[in-house]
Structure formats: C-alpha cells, structure tokens
Amino acid sequence: MKLAAVLILLILAGYVDSPAHVPNFDNFHTPVLKPGESGVFNFTIQNRYVNPIRNATLTVGIYMWATEEDHKRIGEVENHPVIEESGDVNYTIPLGTLQPGVNVSVEFHIKSFPGSPDGVYFVRFSLEFVYNGSVYMMWSPGFFPRDVWDNATKNHTLNLDYLSQYLGKPVNGIIPDSSFSVKSDLTWILYVLIGLTAFVGFLALYTYFKEEAISNPADEMYYELKGKYRELERKVKRKLRERDQKP
C-alpha cells in the first residue's frame, strides 16, 4: 500500500513538473513607453492539468535593465519603472482557483518616470498553488544566474533538483520570463525618414519619366505654368519699353 502511494506521488510529480503540463503563460501584450508614461501589461494563464489549481498566487518582478551595450540589476538603475499597483518592482496577485483548460487574464500597469533610461526591462514570475492537496512552486529563468541556468539545462535536460538547491525553495516547474521597453520619442526622426524616402522616390519617378519620355499630368502642368509665366514676362517687358519710348 505504501509503495503504491509512493508510486502515485512520483507519477503525479512528474506530471505536474512536465513542460507539457505546467501552467501556460500566453497572449502577452507588453508596453513600449516613453519616459514618464504608464502602460498596460497583460497576458493569460491557462491551467493545463486535469484538475483545478487552487490558492494560486502569482508574483511579478522587474529585475533587470539592458541595452545592446550594457545591462544592470534593476536596483542599480536610477529612476527605473515600477509596477503602478504596488509602487515597487514587485507585485503579488492572488489568482484563486484556476479551472482546467480555462484562460485567466492577468493585468497590471507599468509606470515609468521622466528620467527612466531607454532600454528593455525584464520581468520574472513565480507561481505558487495547490494541486491535488500538494503545494507546488514554479519559477521563471530570471531567478537564476546565467551559470546556474546553464548548468541546470546542459545536455538538453532540465535539472529541477539543481535549481531547487540553488534557490533554497522547491522548483517544481519553469514558467517564462517577459519584458517591456522604454524608448524616448523618436517620431521626428521617423517623419524625416518618411520625407526623405518620398523625396527620393519622387526624384526616381521623375527621372524615369524623363528618360522614357513618358508624359504625366504633373509634367504637363509644370510646362503650362512655365509658358504662362514667360508670356506674362514678355508682356511686362513690352509695356515697360513702350512707356520708356513715350516723350
């Protein structure tokens, strides 16, 4: 009897830990903010087990800033964005019960500041819940240094025991990281590029018409206006000569 119970627990643990069954984080909509703006961060979580998940609690954390040239832990970044609901980089969301196969929406707001540096801000998640009477904890890769993560995933395997030893807490599965961005207003550069593109395109089209001797309405209008101007210029000059010739 005891052996059967142990086997059931082992089978259940493998089922819960399986990447094919861990709660699915999907449909991410993450903001791109100008410094000083706020925006919505939302996604869905789906329970992929056959039974309900109970007492689910999600913890969200902004943990790193990066550009192409540099990266820092979020505590080293001045004027870093925060999660508006908590006023901090961490935010805990009680999810309650997640029924099998149902997508649950998660939404919160990111608040940046006028001095928030441009770059990508990485967001990590941890999820704790009760399934079939046992407590499980799942974490995203952002909780582990690169060398620890590399060691845990070498040889195309995922060593959850190794990650648990590093963290000092159970790691019963891996859920994804995410991110959002802060970018200064570069709209004027976009308009300049659009203008240059249109101008170059016009020149290329005009040259093509000229080389191929193709008539077009703009060309005809140009020459018509040019002819009227020359005619007006001749009339003015004639009037001036007639005036000068009078005694």
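Just so you know, all these numbers are worked out from the coordinates, no wet-lab data involved. Treat the numbers as computed from the prediction; the structure is a model and nothing was measured. Cβ atoms come from the backbone with ideal geometry, glycine included; neighbour counts cover every protein chain shown.
Observations on the model:
- Inverting the pair-averaged 1/r between distinct Cα atoms of the range 75-149 gives 15.2 Å as its Kirkwood hydrodynamic radius.
- Most positive-pole-ward Cα, Ser105, Met138, Gly115, against dipole of the range 2-182 from beta carbon charges: Met138
- Out-of-range pairs (alpha-carbon distance over 22 Å; input Lys72/Lys183; Lys72/Lys111; Lys72/Lys169): Lys72/Lys169
- Length-normalised contact order of the range 1-147 in % [C-alpha pairs under 8 Å, at least 6 apart]: 28 percent
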